[in-house]
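Visitor: The structure follows.
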Amino acid sequence: MRYFLLFIVLAVTANFGVAQSLTVSETPAATNIGLHQYMISGHQVSITNGELALAGGTAASSSINNVTAISAALNNETANVFAGNGDDLFSSSFDLEGGDSSARIYARLNGGFIIRENIANFLFYNSMGEVEQSISNSSQSTEGESISELAADPKFKTVVLYNPKIVSGGEEGSRAKLVRNDLTTTDIYYSSNRAIRNVEVSKNGQFMAIVTFSPGTEDIAIVTDRFGNVLSEISFDQNIEGVVLSESGEYVTLRSNGRVGVYSVLNGERVGSSSFRSRLLFAEFIPEDQTIIALTATQSGSLLTNVEVHAINVAARAIQRQNYSSELSMTDQIPLKLERIGSYNYMLSGLNKTLSLRAQF
């Protein structure tokens, strides 16, 4: 009987080891991709030191729309729009007064683009290179404000302009406003004593998260619908470096550089969390599998070493980790994107190599 019981224990332990695993591999298309090469919608682009490589050199300001690989570049006094294969679609002249260092370009899905100029002014161009609208986002504060920022989903269905910091009365406040389809605006957030760390729009454009902070307090993620109606306010006890909203808007994933937390938007309750010893660069909760997928690494510029992928099943309270032996690179031009292929089966893109992830719990 003693030997029989021992056999059962060993058999269960062996089955448990087989059942739980995480495999990380390159997709075949990524095998020969170099450290500064990225695949976007079937097209290969080259980005070095944050600059998009073009036939005539690099661009002072560039942007890639990762849905179609449409890219826009701002060089000297010309805005250029390119197709994913590098073909020059059209150019539009633009006057950068005094070599405006705040100038930035954003590529839209329809081939149009947006240019930020003079700290807080945004010029909206159509696909013919013609100005549709000029929107000033200046707060007119006499005590100063930081450079205005733009947040949008990949299809630019929802566009938000925001002032990260507005100094007034010696305090740092902030505000955000929504750009409507007719290119008029409406205010959706204002605070006289909390600055905005980041604004994130969900991939489908249906939801937004406004991350605010104030010295001596916790960061707060304000989750809204696409019209700015507040759905939930969630506190996080570390600086929020990244936000991912689930497609349904039911969950929000918040991460610092060493911790991830998943929360229900409906009631603000925490669904699961985990801490990491290495720098946390990406984390997203997959509701269908009740699993958080996370990426940690040692980062030096765009170069990533000591890469490790983590799968945390919050229902089973189980964690799987797997090292990735090669170096990788990432760029601010292309966001990391996790796609669910099937049960516990995912594709992580946005790095120079697209990774296939398969977990078992």
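Visitor: Can you pull out every residue in region 232-251 that is among the small types (G, A, S) and either modelled with pLDDT under 95 or touching a Pro at 6+ places or on another chain (Cβ under 8 Å) (or both)?
Guide: Those that are among the small types (G, A, S) and either modelled with pLDDT under 95 or touching a Pro at 6+ places or on another chain (Cβ under 8 Å) (or both): S246, S248, G249.
Visitor: Okay, next question. Would you point out which residue out of S139, S134 is in contact (Cβ under 8 Å) with a residue 12 or more places away in the chain, small (G, A, S) and under 24 Å from S93 (Cβ atoms)?
Guide: Testing whether each residue is in contact (Cβ under 8 Å) with a residue 12 or more places away in the chain, small (G, A, S) and under 24 Å from S93 (Cβ atoms) leaves just S134.
Visitor: If a residue has to be in a loop (DSSP other than H, G, I, E, B) and touching a residue at least 24 places away in the same chain (Cβ under 8 Å) to count, how many in region 113-126 make the cut?
Guide: 2
Visitor: So if I check each of K165, K177, which one is of a type in the set (D, E, K, R), assigned to a strand (DSSP E or B) and open to solvent by less than 70 Å² (accessible area, probe 1.4 Å)?
Guide: Just one listed residue meets the conditions, K177.
Visitor: Given E269, E284, which one is under 17 Å from the mean Cα position of the chain (by Cα) and not aliphatic (A, V, I, L, M)?
Guide: Testing whether each residue is under 17 Å from the mean Cα position of the chain (by Cα) and not aliphatic (A, V, I, L, M) leaves just E284.
Visitor: Which residues, counting only those in region 82-108, are assigned to a loop (DSSP other than H, G, I, E, B) and either of a type in the set (D, E, K, R) or touching a Phe, Trp or Tyr at 6+ places or on another chain (Cβ under 6 Å) (or both)?
Guide: Those that are assigned to a loop (DSSP other than H, G, I, E, B) and either of a type in the set (D, E, K, R) or touching a Phe, Trp or Tyr at 6+ places or on another chain (Cβ under 6 Å) (or both): D87, D95, E97, D100, R108.
Visitor: Please work out which one of (1) modelled with pLDDT under 85; (2) open to solvent by less than 30 Å² (accessible area, probe 1.4 Å) is the condition I47 fails and give its number.
Guide: So the condition that I47 fails would be (1).
Visitor: What about S139, is it part of a loop (DSSP other than H, G, I, E, B) and open to solvent by 20 Å² or more (accessible area, probe 1.4 Å)?
Guide: yes
Visitor: Just to be sure I understand, how many residues within region 192-248 are buried (at least 19 other Cβ atoms within 10 Å of the Cβ), of a type in the set (S, T, Y) and within 24 Å of V167 (Cβ to Cβ)?
Guide: Residues flagged as buried (at least 19 other Cβ atoms within 10 Å of the Cβ), of a type in the set (S, T, Y) and within 24 Å of V167 (Cβ to Cβ) within region 192-248 amount to 1.
Visitor: How many residues are of a type in the set (V, I, T) and either in contact with a Leu (Cβ under 7 Å, 6 or more places away or on another chain) or without any contact (Cβ under 8 Å) to a residue 40 or more places away in the chain (or both) when one looks only at region 241-296?
Guide: Residues that pass the stated criteria total 8.
Visitor: Which condition number in (1) surrounded by fewer than 22 Cβ atoms within 10 Å (Cβ to Cβ); (2) aliphatic (A, V, I, L, M); (3) in contact with a Lys or Arg (Cβ under 7 Å, 6 or more places away or on another chain) is the one that L266 fails?
Guide: Result: L266 fails condition (3) only.
Visitor: Which residue is surrounded by the most Cβ atoms within 10 Å (Cβ to Cβ), if the candidates are limited to region 98-111 and must be in contact with a strand residue (DSSP E or B) (Cβ under 8 Å, 6 or more places away or on another chain) and either over 30 Å from M39 (Cβ atoms) or without any contact (Cβ under 8 Å) to a residue 24 or more places away in the chain (or both)?
Guide: D100
Visitor: Between a residue in region 339-361 that is at positive phi and any residue that is of a type outside the set (G, A, S) and open to solvent by 60 Å² or more (accessible area, probe 1.4 Å), which pairs come within a Cβ distance under 6 Å, given they are 6 or more apart or on different chains?
Guide: Taking only residues 6 or more apart or on different chains, the pairs are G350/P335; G350/K337.
Visitor: Collect the residues in region 275-330 that are within 28 Å of S264 (Cβ to Cβ), assigned to a strand (DSSP E or B) and open to solvent by 30 Å² or more (accessible area, probe 1.4 Å), keeping them in residue-number order.
Guide: S275, R279, E308, I319, Q320, R321
Visitor: Right, next: Filter region 151-161 down to the residues that are under 19 Å from N229 (Cα atoms) and surrounded by fewer than 20 Cβ atoms within 10 Å (Cβ to Cβ), then identify the one that is nearest to the chain's Cα centre (by Cα).
Guide: A151
The values are calculated or read from the model by the stated rules, or taken from the named source; none is laboratory data. The shown structure was predicted, so the numbers you read here are calculated from the model rather than taken from an experiment. Cβ coordinates were reconstructed from backbone atoms using ideal geometry, including for glycine residues, and neighbour counts include every protein chain displayed. With ligands, DNA and RNA removed, areas are computed over all heavy atoms of the protein, side chains included. Shrake-Rupley method; radii C 1.70, N 1.55, O 1.52, S 1.80 Å.
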